[in-house]
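I have placed the structure first, in the form of C-alpha cells, so that the comments after it can refer back to it.
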Amino acid sequence: MKKQLTKVNEKNNNVELVLRRYAEIPIEDLYKELNTSIDGIKHKEIEEKTDEYGKNIITFGRKNTKFHRFFTAIINPFNIILLIIATVTYIFDVILSSKPDYLTVSIIVFLVLLSSTVAFIQGEKSNTAVTKLTKMISNKADIRRNGKMIEVLIEDILPGDIIKLSAGDLIPADVRFITTKDTFVAQSALTGESNPVEKFSEITDKRDKTITDITNIGFMGSNIVSGSSFAVVLTTGNNTYFGSMAQTLNQRREKNSFEKGVSSVSELLIRMMIIMMPVVLLINGITKHDWLQAILFSISVAVGLTPEMLPVIMTSTLAKGAVSMSKHQVIVKDLGSIQTFGQMDILCTDKTGTLTEDKIILEKYMNVHGQDDYRVLRHAYLNSYFQTGLKNLIDIAIIERATKKEIHEIKDKYHRVDEIPFDFTRRRMSVVLEDNTGKRQLITKGAVEEILAISSFLEIDGKVVPLDQETRKIATETYEKFNSDGLRMIGVAQKNEVPGSNVFGVKDESNMVLIGFIGFLDPPKESAKEAIKALKEHGVRVIVLTGDSEGVALKVCNKVGLETEITLLGIDVEKMSDEELKIQMKKCNLFSKLSPNQKKRIVKLYQEEGHTVGFMGDGINDAPALKQADVGISVDTAVDIAKETADIILLKKDLMVLEEGVIEGRKTFGNINKYIKMAVSGNFGNMISVIIASIFLPFLPMLPVQILTQNILNDFSQLGIPFDTVDKEYLEKPRKWHTKSIKRFMIWFGPLSSIFDILTFAILWFIIKANTTDLAPLFQAGWFVFGTISQILIIQVIRTRKIPFIQSNASKSLIISSLIILIVTLVIGFTKLAVTIDMAMLPIKYLPWLLAVLIGYLVLTQIMKKIYMKKYGEWL
C-alpha cells in the first residue's frame, strides 16, 4: 500500500512539473511542442496523435477485460468456500481413499463453474446495457481542427486541440487558456473550494503557487461557471492532473439507503453463517462421531445459508430496469440510482421545459409604457447576436423574431469590441459594439430588477429622462402588468458614452438608459397537469424551484394544477432560519427568484425531514442542487455540468416520462425485495431445521454435495425474479428500505418453513421408514426434494400480497425457470439419477405425502401472510 501511494505521489509530481512548464513557456513555443497551431491539429496528424495518446478517458488499475471479469466471477468468498470443500473432498475421497471417488469433487467443481458462468453472463449483459445507455448521452466539445470549428466526443479530444469553452461546459482535459473573457471556473472537484476562480491567458511566473492556483491553466474535472474562452489542450486521460489523482479523488460515494440495507442483510446472513458453522460442527461431530463429515457438512450448510446469487439477482434486476426505463426515454447512468428513483417522494423541478413547452416565444417588445417598439427589439437582437457565450432559448427567440421582421441585417453595420458575459449573480450580460462610423454603445439585457439597479435614466417618448421615483413607477407598473399575465420579462438598456478602451468589465454596467422590455411566453405543457396528477397518485409531491419571477411561475403552476396558496421568494428564503423554512416548506409548492445555493439549501432541508428528494434541472445554476439531491435528474440537451452531475438523464423533458421511470424504479426495488425476503426467511428456517435434524437423527440430514446441488437448483429457479411482474398496488407509493421489516419477516416466516421441514422428517422416518443409518440416502433424498420444491413454490406466495395463481400470476420468465427446476428436482429424486449425488431413489408412495405437505405449507403461509399484513400493514 505504501509503495502504491509513493507511485501515485511520484506521478502527481511529474504531472505538476509538466503543467507548470506548459504554463510558463511562450504560446508559440507551446504550439510547436504540441505540434499544433491556433488553427488546431491538421487532419493528417489526427490518426497519429490518436495512436499515441489514445482515448481521453481516465483508467487506472487492471484493465477490465472479459477474462478479468470472468476471473472475478469465479473468485468470490462463496466460491472460495466451495473450492476449499472440493480440495478437502479430493484429499479424503481420492488421494487417501482405497476406492477413489471423483463424483462429489467433480460436482462441486462443476457447480462453481456453473454459478460463476451465470454470474459472468448476467454481469456482461448489465455491462453491455449500461455501456449502450451511456453512449446515448455522451458529452461533446467544440474544437478547432484544420482551421474549422467542429463538434467531437470528449473522449476523442487530443493534445494540441484548440477548444472553445463557454458557461456550462466541462473542461474535458488539462488546458492552457489562449483567450479569456470573464472566465470563472469551479474547481471544487479538485480543491474542495466552493467559490469559482477567475482564469486568464497571461503567462504566470509565480512558482510558489499551488498547481491549482495557476491562473492560465484549466483542469479536467472543473467546469466553466461564466464567461468564455479558447484554450489549447495540454494533456488528456490518465496524463491529466485529475488522472494522476484518480485513485484518491475517485472515492466511492456514500451508500444510499438501499445499498445500506443490502449490506445490513448480508451482514445478518454472515453472522448467521458464523454462528451456524461451529454449532452444526459440534452437534454432528459429537453425535455422529465423524468429524470430517461434520466439518464438510457444516461448511456446506454455511454456504447454503448464504444467498450467493444476490449479486446476480441485484445486477440482473437493475440492468433489466435500466433497459426498461430506456424504452421510456429515461437513461440511467448509475444502476444503483434506479431504486432511489422509485423511493423518491419529493420531486423538485425547474419550471422551464418541465411544466412548460420549453419553446420560448418572443411575444412582446415594448417601451416603458408597454407599447410596441422595434427599437427595443433591435437592441435586444444586437445583444443576443454578438454575445459569444452560451446562447439560450431567449437569445434564439430574439434572433428568430428579428430575422422574421427583417431587421437582422443591421448586424452588418456593427462589430463587437468586447462583452461582459452572463453570470447568475448579476443575471445580465452586455456587449460593446462599434458601428461603421466609429460610434460605440454598450447594450445590456437581463432580469428587470438587475437592469433597473444599474440604470440611472430611462427613455420616454424618445427622450432620455432621469430614473426617479415617478419614472421608476411607470416602468415597474408596465413590467408587473405583463409579468402577472404570464410573460417572462427581460429589461433592455443601453449607454452611448462608452470609453475608448477595448477591455470592459462589470463596473462599466452603470448609468445605463432603460429603453424598454421584451416579453416571452413559454406555454404550459398539455401533459404537465396529467403528469403532476399521476405523480401525486403515486405518492410523489412536485415542488417548483425556479429562478424566474413569481408572476410567470404562478401563472404556469395554476394552469398545471399545482397548489400555490403559499409561495416563497428567494429573498424570503434568505431571511429565514432552517427551522422557520422547514415549517413553510410543508405547504409551499412554489419557490421563485431562487439562487443556485438557495435551491441546494431547500433540497437539503427536505432530506433532513426524512424525504427522498429528486431534483430535475438542466442549467449551470442547477448543478449544486443536482449534486445534493438523492437522485439528480437532467436532460440530454442540458449543459455539460448538469449532465455530468445527474444520475438519470431524460431523452424527453417531460414529467410524464419521469412518472413512468418512477414506476419502473419501484418494480425493480420490489423484485429485489422479493428475493431478499425469501432468501433471509428461507435460510433462517433451514438453520433451525438443520440444528433439529442434527440433534435427533443418527445420520446427516443431507450430505454436502446434496446441499450444494439443492442450493444451485434454487438459484437457477430464481433467475426469473428480475423479470417478474409487480402488483399495481405496490407501485402506488414510494418504497423505502427497512432492515427492521426484513428481520421481522425472517422471524415470522423462517420458523414456519421449519415446521414443515420437521413434518417431512416425520413422514420420512415413520411412513417411508427411512429411519436407519443404512437408509440415510433415502431420507436425504426425501428432504432434498421437499426443500428444493418448497423453495421454488414459496416465491409464488411471497412475490405478491394477493392470492397466488388466482389473483396474481408471476411473469412467464419466473414460471418457466421455476417449472424447469421443479421437473429437474423430481427427476433427480424419483429416478436412478439420485445415486449420482449419493441419494437413494424415492418410492412413488412418497409423492402424495410430498404433495400434501407442499400444499399445507403454501396454504398456511398464505394465511400467515394475511395475519402479517393485518398486523403490520405491509408485505414487501
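Quick check: anything in region 695-710 farther than 21 Å from Gln780 by Cβ, touching a helix residue (DSSP H, G or I) at 6+ places or on another chain (Cβ under 6 Å) and not β-branched (Val, Ile, Thr)? Looking for residues that are farther than 21 Å from Gln780 by Cβ, touching a helix residue (DSSP H, G or I) at 6+ places or on another chain (Cβ under 6 Å) and not β-branched (Val, Ile, Thr), one finds none in region 695-710, hence no.
Among residues of region 593-608 that are not assigned by TED's automatic domain parsing to the domain that holds Asn483, those with a Cβ under 6 angstrom from a residue that is among the β-branched types (Val, Ile, Thr) and part of a helix (DSSP H, G or I), sequence gap 6+ or separate chain, pair up as Gln598/Val573. Take the residues in region 384-399 that are over 21 Å from Ile515 (Cβ atoms) and not polar (S, T, N, Q); name whichever of them is modelled with the lowest pLDDT. Restricting to residues being over 21 Å from Ile515 (Cβ atoms) and not polar (S, T, N, Q), the top hit is Leu390. Note on region 730-762: among residues that are closer than 27 Å to Glu659 by Cα and in a helix (DSSP H, G or I), the one that is modelled with the lowest pLDDT is Thr739. Is one or more of the residues making up region 618-627 surrounded by 24 or more Cβ atoms within 10 Å (Cβ to Cβ) and of a type in the set (Lys, Arg)? No, every residue in region 618-627 fails to be surrounded by 24 or more Cβ atoms within 10 Å (Cβ to Cβ) and of a type in the set (Lys, Arg). Does Glu526 qualify as being touching a residue at least 12 places away in the same chain (Cβ under 8 Å) and either surrounded by fewer than 15 Cβ atoms within 10 Å (Cβ to Cβ) or not assigned by TED's automatic domain parsing to the domain that holds Thr179 (or both)? Taking the combined requirement at face value, the residue does not satisfy it.
Taking the listed residues Leu650, Leu655, the one that is surrounded by 24 or more Cβ atoms within 10 Å (Cβ to Cβ), over 23 Å from Ser222 (Cβ atoms) and over 14 Å from the mean Cα position of the chain (by Cα) is Leu655, with no other qualifying.
Does Lys832 satisfy being charged (D, E, K, R), out of contact with any helix residue (DSSP H, G or I) (no Cβ under 7 Å at 6 or more places or on another chain) and under 22 Å from Glu729 (Cα atoms)? So Lys832 fails the test. Of all the residues that make up region 368-408, how many are within 41 Å of the chain's Cα centre (by Cα) and without any contact (Cβ under 8 Å) to a residue 12 or more places away in the chain? Residues flagged as within 41 Å of the chain's Cα centre (by Cα) and without any contact (Cβ under 8 Å) to a residue 12 or more places away in the chain within region 368-408 amount to 3. Just one of the listed residues (Ile823, Ile816, Ile806) is outside any helix (DSSP H, G or I), surrounded by fewer than 22 Cβ atoms within 10 Å (Cβ to Cβ) and of a type in the set (Val, Ile, Thr), namely Ile806.
The condition (being acidic (Asp, Glu) and farther than 30 Å from Leu535 by Cα) is satisfied by just one residue among Asp345, Asp412, Asp350: Asp412. Of all positions in region 345-355, none carries a residue that is farther than 28 Å from Lys600 by Cβ and either among the aromatic types (Phe, Trp, Tyr) or out of contact with any helix residue (DSSP H, G or I) (no Cβ under 7 Å at 6 or more places or on another chain) (or both). Set side by side, the residues Asp774, Asp757, Asp727 differ, and just one is outside the structural domain of His611 (by TED's automatic domain parsing), more than 30 Å from Thr340 (Cβ to Cβ), in contact (Cβ under 8 Å) with a residue 60 or more places away in the chain and among the charged types (D, E, K, R), which is Asp757.
Criterion first (in the same structural domain as Ile286 (by TED's automatic domain parsing), crowded, with 17+ Cβ neighbours inside 10 Å and either at negative phi or among the aliphatic types (A, V, I, L, M) (or both)) does Phe766 satisfy it? It is false that Phe766 is in the same structural domain as Ile286 (by TED's automatic domain parsing), crowded, with 17+ Cβ neighbours inside 10 Å and either at negative phi or among the aliphatic types (A, V, I, L, M) (or both). Here Phe716 meets each of (1) in contact (Cβ under 8 Å) with a residue 40 or more places away in the chain; (2) more than 24 Å from Thr836 (Cα to Cα); (3) of a type outside the set (Val, Ile, Thr); (4) out of contact with any strand residue (DSSP E or B) (no Cβ under 9 Å at 6 or more places or on another chain) with one exception, condition (2).
For Asp334, the conditions (1) part of a helix (DSSP H, G or I); (2) in the same structural domain as Gly610 (by TED's automatic domain parsing) are fulfilled apart from (1).
Residue by residue, here is whether (1) closer than 24 Å to Tyr385 by Cβ; (2) under 47 Å from the mean Cα position of the chain (by Cα) holds:
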| site | (1), (2) |
| --- | --- |
| Ile443 | yes, yes |
| Ile451 | yes, yes |
| Leu467 | no, no |
| Leu487 | yes, yes |
| Gln494 | yes, yes |
| Glu497 | yes, no |
| Asp508 | yes, yes |
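Every residue, every condition in (1) farther than 15 Å from Phe784 by Cβ; (2) charged (D, E, K, R); (3) outside any helix (DSSP H, G or I), yes or no:
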| site | (1), (2), (3) |
| --- | --- |
| Gly670 | yes, no, no |
| Ala679 | yes, no, no |
| Asn686 | no, no, no |
| Ile692 | yes, no, no |
| Phe699 | no, no, yes |
| Leu719 | yes, no, yes |
| Pro722 | yes, no, no |
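The set of residues in region 433-450 that are touching a residue at least 24 places away in the same chain (Cβ under 8 Å), surrounded by fewer than 23 Cβ atoms within 10 Å (Cβ to Cβ) and farther than 21 Å from Ser549 by Cα comprises Lys439, Arg440, Gln441. How many residues does region 826-876 hold that are closer than 22 Å to Val797 by Cβ and not in a loop (DSSP other than H, G, I, E, B)? Of the residues in region 826-876, 27 are closer than 22 Å to Val797 by Cβ and not in a loop (DSSP other than H, G, I, E, B). When Ile823 is tested against the conditions (1) modelled with pLDDT of 95 or more; (2) under 14 Å from Leu854 (Cα atoms); (3) aliphatic (A, V, I, L, M), the lone failure is (2). Among (1) modelled with pLDDT of 80 or more; (2) assigned to a loop (DSSP other than H, G, I, E, B), which single condition is Tyr381 missing? With respect to (1) modelled with pLDDT of 80 or more; (2) assigned to a loop (DSSP other than H, G, I, E, B), Tyr381 is out only on (2).
The values are calculated or read from the model by the stated rules, or taken from the named source; none is laboratory data. Treat the numbers as computed from the prediction; the structure is a model and nothing was measured. Glycine gets a Cβ as well: all are built from the backbone with ideal geometry, and neighbour counts include every protein chain shown.
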